[in-house]
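For reference, the structure is listed below as structure tokens.
The values are calculated or read from the model by the stated rules, or taken from the named source; none is laboratory data. The structure displayed is predicted, hence computed values, not measured ones. Don't worry about glycine lacking a Cβ; one is built from the backbone with ideal geometry, like all the others, and counts go over all protein chains shown.
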Amino acid sequence: MLTTVHIIGIILTVGLLLAVSWLSGRKVKDAKTFTAGGTSGSWMVCGALMGTLMGGQCTVGTAQLAFNFGLSAWWFTIGAALGAVVLAIFYAAPIRRSGCSTLLEIVARQYGHKAETVGSLLFLIGIFISIVAQVITSSAMLGSLFHLPMLWAALVGAVLIMLLVLFGGIKSAGAAGIIKLVLLYFSSLAAGIVVWRMAGSPAGVVGSIDSVYALPGIAEENGIADIESIHHRYGSLFGRGVLKNLGGCLSIVLGVVTTQTYAQSIWSAATTPKAKRGALYCAFLIPLIGGACTLVGMYMRGHYVTAAELTALQAAGGSLPDGVGVIENSAQAFPAFILQHMPAWIGGIMLGTLLINILGCASGLSLGAATILVRDVVQNIQSKYRNTPLRLSTLAQTRLSIVVILLLAAGAANLFQGAFINDLGFLSLGLRAVALVFPLSFALWLPNRFRPRAVLLSMVIGTAAMLLAKFLSLPGDPVYYGLAACAIVIFSDCSTV
């Protein structure tokens, strides 16, 4: 239950982060100040990477997935950590030596501007899916706090994100990013410690899950047949299947490597060794947050049922026993845990940190998507048909695009409210990886070996194959199909240019 102490904690935390963000952001006059000539040390690189990687998917999304599938929810943050390792060891040095300021610029220099434009548009699909995931996460937070229906929670979340980005957003650089990172780490680990103390041991967590599934109708509602199935589902890192879990991990690893935001942290470093060390520090720290949030989700599974499960329980003639609560849906597992099981003053800080982190991450994604839409779509059309110039300035077009994107994301969030937040994250990063990992890697390591036409075609066909595999629910993970299609197209037309 939301109390006055919670509200005070939320307001103070959000106010602190906004104030420090504004003060530190005054020193950054334009984008060039950040991108030209890196000055960051290893820990600043680590903070920048974690600040962008640790969105709502690593906290709220991981707890949601653990509520439904147990330990296998850990793969999202394991994949993020492995992605940081790959970025440090294999990509940090060559992308810094490239002399470029964006990943798509590296691709364009080798394969032409058409590849850059197509890559931008394909990236837009992946970014939009991430925005939908962030809207679902924010609606889960708002639904838990204010008991709003999903549609209204999604709309309110979209409006808050809209206001944040339209009025400048939150900058992740400097002191603001470090404070946000420390608070997020504190929030996740504090929750994990509280779970450990309440449950007593991992066996205590699993035992409570068994008792919930013993209630009439609950196992049937979740498609679980027997006690062995419960233990496999919740006690194994491969509870969703080896190919499924490893495919999701692969999507995150390659998505980290091919996403501009994460590469920008590498470019910001003063030296290449500092860039590598920062990424490796990040790789060490991230799994601890994932493990803590996984524990939270599993604890909530053993002590709460969803509204749909309560309906199934009552239809089977059962009743809710003492000590078992109800949440609207599994996405509310983490915020509900904070409200119900954390001390109020700590809970207020945690809720404020989570809320501003989710909104800040979504605002950055929205701004990036709007920029791609305006520069690579609207303005290209405008330049092609000069007889029909737009009366709106670029700034007005960008702001209008943000509004449209977020309203569409709110509608999509309501439409796909049953989807797992982290599954959307796997899909989003996988789509970015499929579009760029081969063109980027070959441009860095094997220049002049592949025709621009084949590379361009592989980006389109690979993305289409991955989306088709997702919608048809083909076995394994969609990223396998996308990467295979890319490889077939590229290597079938391999040639020295």
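For this structure, a couple of remarks:
- Counting only helices (runs of 4 or more DSSP H) that fall entirely inside region 384-496 and contain at least 1 residues that are touching a helix residue (DSSP H, G or I) at 6+ places or on another chain (Cβ under 9 Å), β-branched (V, I, T) and farther than 30 Å from L163 by Cβ, the qualifying elements are 421-445, 452-471, 478-491.
- Check on I405, of a type outside the set (S, T, N, Q), modelled with pLDDT under 85 and more than 27 Å from W75 (Cβ to Cβ): no
- Condition met for G37 (of a type outside the set (A, V, I, L, M, F, W, C), modelled with pLDDT under 70 and either closer than 25 Å to Q417 by Cβ or outside any helix (DSSP H, G or I) (or both)): yes
- Residue list for region 105-145, filter: at pLDDT 85 or above, more than 21 Å from G425 (Cα to Cα) and hydroxyl-bearing (S, T, Y): Y111
- Of the residues making up region 48-57, those that are surrounded by 24 or more Cβ atoms within 10 Å (Cβ to Cβ) and touching a Ser or Thr at 6+ places or on another chain (Cβ under 8 Å) are A48, L49, G51, G55, G56, Q57.
- In the set (1) farther than 30 Å from I125 by Cα; (2) charged (D, E, K, R); (3) buried (at least 19 other Cβ atoms within 10 Å of the Cβ), the condition left unmet by D322 is number (3).
- Sub-7 Å Cβ pairs linking a first residue in region 213-228 that is within 15 Å of T306 (Cβ to Cβ) to a second residue that is among the acidic types (D, E), at least 6 apart or interchain, are I218/E309; E221/E309, ordered by first then second residue.
- From I209, I227, residue being buried (at least 16 other Cβ atoms within 10 Å of the Cβ) and not basic (K, R): I209
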